[in-house]
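Q: First the structure, which I've put down as structure tokens, then a few questions once you've had a look.
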Amino acid sequence: MKERIAQIKDRIEKAALRAGRNPDEIQLMAVSKFHSVSEIQTAIDCGLTLFGENRVQEAVEKFEELSKNNPQIELQMIGSLQRNKVKAILPFVSAIQSVDRLELLKELIKQSKKLKSDKTLKIFFEIHTGEESKSGFQNIETLTEAIELLIQENEAVSLKIEPVGLMTMAPFTKDETLIRKSFQTLKEYQKLLQEKYPQFSFKELSMGMSNDFEIAIEEGSTLIRVGTAIFGERVYS
Ligand SMILES: *Cc1c(COP(=O)(O)O)cnc(C)c1O
């Protein structure tokens, strides 16, 4: 695994330099869904600190222990999140990357108010930019509605939720043009939102996975979500 991670870091650096970017601007998230506590511990021992999971129960089971033993690590949710699972996951995560609809944002606001700790939950708005399953906000209108709600709520009480950026999944295809277009669309959303809502920062662009992270970096990604290239193929049992 050490070797694989070194290779990924090398590819990140080369892609960044090709695009005239500083490689330090790009965070590597290890997507550990379907991988065991011991595999994740190996990744931690190789120096990785940011992890992504997509199912609440699995994440809690694995990271309750891992986070205790490794206080330096950070866990973020990257998968579609049901409202009734929000409460269970909040204590374990630094961010929800998959805020994909108004109803979920409402629940996050509600549950974050009840949090005992004074941590601020970071959120990424997930945007649909071409991927098949159509998760994510579909257009700027529905997204605007969500952000307006955040602004309204924020005026009433100071919220423990802070938008930090956008997330997307490119379509699963070999057609590089389509993948690139998807990432460019996310970047356009970022520009629009940043102009419209200067009070928030939408700096982070979470885009790029094992198969397309170099393209994503060339298109401005600040956080790549890599599973298979770090851990090997997932075994769905
Ligand atoms: C599984 C997953 C990844 C990682 O995919 P790989 O192809 O294994 O790198 C990234 N992002 C999301 C949202 C995922 O669900």
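The numbers here are math on the coordinates, done by the rules we state, and not lab data. Here the structure is a predicted model, which is why all the values come from computation and not from measurement. Every residue, glycine as well, gets a Cβ built from its backbone with ideal geometry; the counts of neighbours run over all protein chains shown.
Q: Nearest 0.05, what FRET efficiency do residue 110 and residue 14 give at R0 = 41 Å with Cβ-Cβ as r?
A: Details: r = 44 Å, r/R0 = 1.08.
After rounding, the FRET efficiency stands at 0.40.
Q: Thinking of the stretch 162-237 as a set of Cα atoms, what percent of all their pairs are more than 16 Å apart?
A: Details: 1463 of 2850 pairs.
Result: 51 percent of Cα pairs exceed 16 Å.
Q: Same structure again: Run the reach check for residue 2 against lysines, Cα to Cα strictly under 27 Å, same-chain hits fewer than 8 apart removed. What comes back?
A: Result set, ordered by chain and number: 14, 33, 62, 68.
Q: Using alpha-carbon pairs under 8 Å, 6+ residues apart, how would you state the relative contact order of the chain in percent?
A: On the way: 405 pairs, mean separation 50.6, N = 237.
Relative contact order comes out at 21 percent.
Q: Would you report the distance distribution of C-alpha pairs in the chain as whole percents per 10 angstrom bin, up to the bin with the largest distance?
A: Pairs per bin, as whole percents: 7, 33, 37, 20, 3, 0.
Q: Let me check I've understood the local charge: for residue 171, count other residues with C-beta under 13 angstrom from its C-beta, Lys and Arg +1, Asp and Glu -1. What total comes out? Numbers along the way, then the final one.
A: Details: positive: 134, 174, 180, 181; negative: 131, 132, 175, 176, 212.
Neighbourhood net charge equals -1.
Q: What is the order of 87, 62, 33, fewest Cβ neighbours within 10 Å to most?
A: Details: 87 14, 62 22, 33 18.
Fewest-to-most ranking of 87, 62, 33: 87, 33, 62.
Q: May I pose another question? Looking at the stretch 20-154, what % of the alpha carbon pairs are farther apart than 25 Å? Kindly include the intermediate steps, with their values, before the conclusion.
A: On the way: 2888 of 9045 pairs.
Percent of Cα pairs beyond 25 Å in the stretch 20-154: 32.
Q: Less than 12 Å Cβ to Cβ from residue 182, Lys/Arg counted +1 and Asp/Glu -1: what total charge do the surrounding residues give? Show your work: numbers first, answer last.
A: On the way: positive: 180, 181, 187; negative: 131, 132, 175, 176, 188, 212, 219.
With Lys, Arg at +1 and Asp, Glu at -1, the neighbours total -4.
Q: When a footprinting reagent is the concern and you count Cβ atoms within 10 Å, what order do 60, 93, 86 take, fewest first?
A: Numbers: 60 17, 93 24, 86 20.
Ordered from fewest to most neighbouring Cβ atoms within 10 Å, 60, 93, 86 come out as 60, 86, 93.
Q: Full-extension gain between residue 102 and residue 61, please, as 0.36 nm times their residue separation minus the C-alpha to C-alpha distance. Write down the numbers at each step before the final one.
A: Details: separation 41, 0.36 × 41 = 14.76 nm, distance 2.77 nm.
Net length gain for the segment: 12.0 nm.
Q: Going by how many other Cβ atoms sit within 10 Å of their own, how do 159, 192, 81 line up, fewest first? Don't skip to the end; give the middle numbers.
A: On the way: 159 17, 192 14, 81 23.
In increasing order of surrounding Cβ atoms, one gets 192, 159, 81.
Q: Further question on the same structure: On a straight-distance basis, which aspartates and glutamates could pair with residue 134 in a cross-link, Cα separation under 17 angstrom, same-chain partners fewer than 8 positions away excluded?
A: Answer for residue 134, where 17 Å is the Cα cut-off: 100, 103, 126, listed by chain and number.
Q: Express in nm, to one decimal, how much length is gained between residue 181 and residue 80 on full extension, taking 0.36 nm for each residue of separation and deducting their alpha carbon distance.
A: Values: separation 101, 0.36 × 101 = 36.36 nm, distance 2.28 nm.
Full extension from residue 181 to residue 80 adds 34.1 nm.
Q: Would you please state the base-10 log of I(q)/I(0) at q = 0.17, 0.20, 0.23 1/Å for the stretch 79-197, with intensities from the Debye formula using one equal scatterer on every alpha carbon?
A: Ignoring solvent entirely, the Cα scatterers give -0.84, -1.10, -1.35.
Q: Okay, next question. For the stretch 121-189, what is the convex hull volume of its Cα atoms per residue in Å³?
A: Spread over its residues, the Cα hull of the stretch 121-189 gives 82 Å³ apiece.
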